[in-house]
Amino acid sequence: MVKEVSPLEIERNVGNFAYPETHTHDAGVGLTEKTIHYISDIKDDPDWVREFRLNAYKTFMSKPMPTHWASKDLEAIVFDNIRYYLSGGTQPKRNWEDVPDDVKRTFERLGIPEQERKFLAGVEAQFDSEAVYSNIKKAVGEQGVIFVGSAEGLKNHPEIFRKWFGKVIPTGDNKFSALNSAVFSGGSFIYVPPGVKVKHPLQAYFRINAENFGQFERTLIICDEGSELTYMEGCTAPKFNTATLHSAVVELVAMKGAKLQYITVQNWSANVFNLVTKRGIAHEDAEVKWIDCNIGSRLTMKYPGVIMKGRRARGEVLSIALAGDGQHQDTGAKMVHAADETTSNIISKSISIGKGRATYRGLVHIPKHLKNCKNNTECDALLINSTSRTDTYPAITVRGTGNSVQHEASVSQVSAEQIFYMQQRGLTEAQAMSLSVNGFVNDLVRQFPMEYSVELKRLIELEMEGSVG
Amino acid sequence: MNKLSITNLRVSIADQEIIRGLSLAVPKGEIHAIMGPNGSGKSTLAKVLTGHPDYKITAGEVLMDGENILALAPDERARKGLFLAFQYPSEIPGVTIANFLRAAVQARLPEGEELEATDYYAKLYEKMDLLEMDRSFTSRSVNEGFSGGEKKRNEILQLAMLQPKYAVLDETDSGLDIDALKVVAHGVNSLRGPNLGVILITHYQRLLDYIIPDHVHVMVQGRIVRSGGKELALELEEKGYESYETVKDEIGEPAMA
Ligand SMILES: Nc1ncnc2c1ncn2[C@@H]1O[C@H](COP(=O)(O)OP(=O)(O)O)[C@@H](O)[C@H]1O
Ligand SMILES: [Mg+2]
């Protein structure tokens, strides 16, 4: 049978390329106190940050691997084989012209400068441990919006930074948040002043280029009263045979009446362990919304959360996880209601292909003394072929009588008959599968901003092309 | 050359032979009805022609305009111009008819060519009008929650949109009331012409009052046991398939039956 090579098949590996390493700063393999000092020296950390890191290092060493929510696959991570800091310098450029050629070409291949011109209010592009490019549109900067890397944030804006840094997600939240707190580098610091509504998204792109490496960016976003922001992150890495670790911490704060939307479209290669802690605090009448799309990686463990701290605060997690052969997407959401009349909504859609495995873990907590709180949870799983596996572990603790929760779950299959039906209409097996998947996520994706639904659709197509091989 | 020709086809599933040496040639421009009792292998034939992976072909060949298609994937056969209106069409949740058909039409364009949306919708609406389908259909998920009749109408809509060279219609009449049957027959008749060959599978003669076939074949136990003109259908209507049951006995039951 003659097999056509479609352009998609080539494009599918859009993230799968790497240039030779040219790092001038390399903390070497393994993690000791010396590694922490190396990182602090290079980054010229203030003393309080160095101390914060060293404390976190101790916490990391003393904490066991997560067992409660963990997969055995975590044992495959050998912390001593990982390089914890790699960079070609600590200062991001404001202009693509000044970014070193190889790195610039990397981001051009990923389409970042083009997207920036088209629809973004600002971009930060991180390459291994440091941002190589960071820029915000002039008009947005003039509104008082701060959009810089975490290092610049903690040095130049300590009065805002220190107030929230490590407060939404304490160092000891879990072993990987402690690891991130010890060796963090890169990530964004954003502050939106009261009443400012940032019209276009700010975007960060996290690129891993090196092998045996761990990327530990740290992001802190504060939307002051009545402000609005959409932030978007994208990620890719080349395919290596060795395990690569990505372990970020993302803290969001939405002050009274603010609206903060955080969108992830992750497309890690199949050797990446993606262990990320993400949480937001929503104050009175504020809204924190996570849109979380996980495609790729070997193991993803990520449960974005919202603490609804003020009255009428709203929290939302809309997530899509696609687990291809050999992958495990262990994702979910945490909703902590901490004030009256707070509302949370979780919609999770997972797709398992081949031997891919998708797990949903949810936690909804509404204490007894609260009134008129609402949660809605919907978990839908789609299985493409019978060896796929899906598990749902919703944990809902609702005390008190004035609160309402609604929980729905479903599992469906893409049957061989459905695929045959679509093939009979002229679609390839991959096109048929991606159409079914798109149909499955459609009502959710419709709620995403246009650019990202287009991007997501494309990634699903690429993934399906790959899975039928 | 200009025909769909099946020669001495033998097909089995789970070690049971279902098609047992079937030959049939359908030239473009003709409509051939295949009639036969339940379980005689009509749907199996339809699925084997279009490449369903469950069946094992043990002998014979199928040529479409001279090309052996049995080695081709189902989607390749489809794009070359072979269409099946399913007896039991699948549901595709979340995928609208408009998007589904658009993907199918797009799949037939040369690489790099984008489907023109306005032309596409113009054609879609024209075909829907022909089949007396409400416009709101386009935004419904494919076959999801459709009545039996709506599903069949949707199959014919796809037939009209994709303009194949050969179409197999598998019991398109079942589940249709008389009005719907007339509409569907009108749709098929309007597609009739020198560029389309049709295999019309049915076990009632009723449909053949509205779509007049050029030839009628009787299929029993995986074989064509008799062929004739359209009057054969009337004879079957009168006498039923019983007379062929004896033929069946002559053929002999499969060993395991
Ligand atoms: N997937 C299958 N598995 C097992 N037996 C099948 C399968 N498909 C068809 N058959 C058998 O093949 C025979 C012919 O079925 P079918 O082609 O559906 O007949 P018809 O369409 O003429 O009613 C029946 O005995 C049926 O049970
Ligand atoms: Mg049948």
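The values are calculated or read from the model by the stated rules, or taken from the named source; none is laboratory data. Computed from a prediction, not measured in an experiment: that's the story for all the values here. Using ideal geometry, Cβ is built from the backbone for each residue, glycine included, and neighbour counts are taken over all protein chains shown.
Regarding the range B:62-71, can at least one residue be identified that is over 18 Å from residue B:216 (Cα atoms) and either of a type in the set (D, E, K, R) or within 13 Å of ligand 1 (Cβ to nearest atom) (or both)?
yes
Just one of the numbered conditions (1) within 14 Å of ligand 1 (Cβ to nearest atom); (2) modelled with pLDDT of 95 or more is not true of residue B:39; which one?
Going through the list (1) within 14 Å of ligand 1 (Cβ to nearest atom); (2) modelled with pLDDT of 95 or more, residue B:39 breaks only (2).
Yes or no, residue by residue, for (1) assigned to a strand (DSSP E or B); (2) surrounded by fewer than 22 Cβ atoms within 10 Å (Cβ to Cβ):
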| residue | (1), (2) |
| --- | --- |
| B:1 | no, yes |
| B:4 | yes, no |
| B:9 | yes, no |
| B:24 | yes, yes |
| B:38 | no, yes |
| B:43 | no, yes |
| B:52 | no, yes |
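Which one of A:454, A:441, A:437, A:445 is hydrophobic (A, V, I, L, M, F, W, C) and either in the same structural domain as residue A:120 (by TED's automatic domain parsing) or surrounded by fewer than 17 Cβ atoms within 10 Å (Cβ to Cβ) (or both)?
One residue alone meets the criteria, A:454.
A quick yes/no check of all residues on (1) out of contact with any strand residue (DSSP E or B) (no Cβ under 9 Å at 6 or more places or on another chain); (2) surrounded by fewer than 18 Cβ atoms within 10 Å (Cβ to Cβ); (3) at pLDDT 90 or above:
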site	(1), (2), (3)
A:133	no, no, yes
A:153	no, no, yes
A:156	no, yes, yes
A:162	yes, yes, yes
A:165	no, no, yes
A:178	yes, no, yes
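State which residue is modelled with the highest pLDDT when the search covers only the range B:237-257 and only residues that are more than 14 Å from residue B:38 (Cα to Cα) and surrounded by 13 or more Cβ atoms within 10 Å (Cβ to Cβ).
B:237
Among all residue pairs at least 6 apart or on different chains, which show Cβ distances below 7 Å where the first residue, located in the range A:134-159, is of a type in the set (Gly, Ala, Ser) and the second is in a helix (DSSP H, G or I)?
From the range A:134-159, the pairs are A:151/A:43; A:153/A:161.
Just to be sure, is residue B:73 on the phi < 0 side of the Ramachandran plot and facing another protein chain (nearest Cβ under 9 Å)?
Considered against the rule, which asks whether it is on the phi < 0 side of the Ramachandran plot and facing another protein chain (nearest Cβ under 9 Å), residue B:73 comes out as yes.
Please work out which residue is farthest from ligand 1 (Cβ to nearest atom), limiting yourself to the range B:139-197 and to residues that are away from chain A (no Cβ under 14 Å) and acidic (Asp, Glu).
B:179
Which numbered condition in (1) within 16 Å of ligand 2 (Cβ to nearest atom); (2) surrounded by fewer than 17 Cβ atoms within 10 Å (Cβ to Cβ) is the only one that residue B:56 fails?
Checking residue B:56 against (1) within 16 Å of ligand 2 (Cβ to nearest atom); (2) surrounded by fewer than 17 Cβ atoms within 10 Å (Cβ to Cβ), the one that fails is (1).
So that you can scan it fast, the table gives a plain yes or no per residue for (1) modelled with pLDDT under 85; (2) assigned by TED's automatic domain parsing to the domain that holds residue A:440; (3) under 20 Å from residue A:432 (Cβ atoms):
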position: A:350; (1), (2), (3): no, no, yes
position: A:356; (1), (2), (3): no, no, yes
position: A:363; (1), (2), (3): no, no, no
position: A:374; (1), (2), (3): no, no, no
position: A:377; (1), (2), (3): no, no, no
position: A:382; (1), (2), (3): no, no, yes
position: A:388; (1), (2), (3): yes, no, yes
position: A:402; (1), (2), (3): yes, no, no
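Kindly indicate whether any position in the range A:338-347 is at pLDDT 95 or above, in a strand (DSSP E or B) and buried (at least 23 other Cβ atoms within 10 Å of the Cβ).
Yes: the range A:338-347 contains one or more residues that are at pLDDT 95 or above, in a strand (DSSP E or B) and buried (at least 23 other Cβ atoms within 10 Å of the Cβ).
What are the pairs, 6+ residues apart or on separate chains, where a residue within the range A:394-423 that is on the phi > 0 side of the Ramachandran plot has its Cβ under 9 Å from a residue that is part of a strand (DSSP E or B)?
The qualifying pairs are A:400/A:366.
Taking the conditions exactly as written (without any contact (Cβ under 8 Å) to a residue 60 or more places away in the chain and either touching a Cys at 6+ places or on another chain (Cβ under 8 Å) or facing another protein chain (nearest Cβ under 10 Å) (or both)), does residue B:136 satisfy them or not?
no
Looking only at the range B:81-100, decide whether some residue is free of Cβ contacts under 8 Å to residues at least 60 places away in the same chain and more than 10 Å from chain A (Cβ to nearest Cβ).
yes
Filter the range A:384-409 down to the residues that are over 25 Å from the mean Cα position of the chain (by Cα) and polar (S, T, N, Q), then identify the one that is nearest to the other protein chains (Cβ to nearest Cβ).
A:385
Among the residues of the range B:14-47 satisfying the criterion of being farther than 13 Å from residue B:220 by Cα and near ligand 2 (Cβ under 10 Å from one of its atoms), which is nearest to the other protein chains (Cβ to nearest Cβ)?
Residue satisfying both the conditions and the ranking: B:47.
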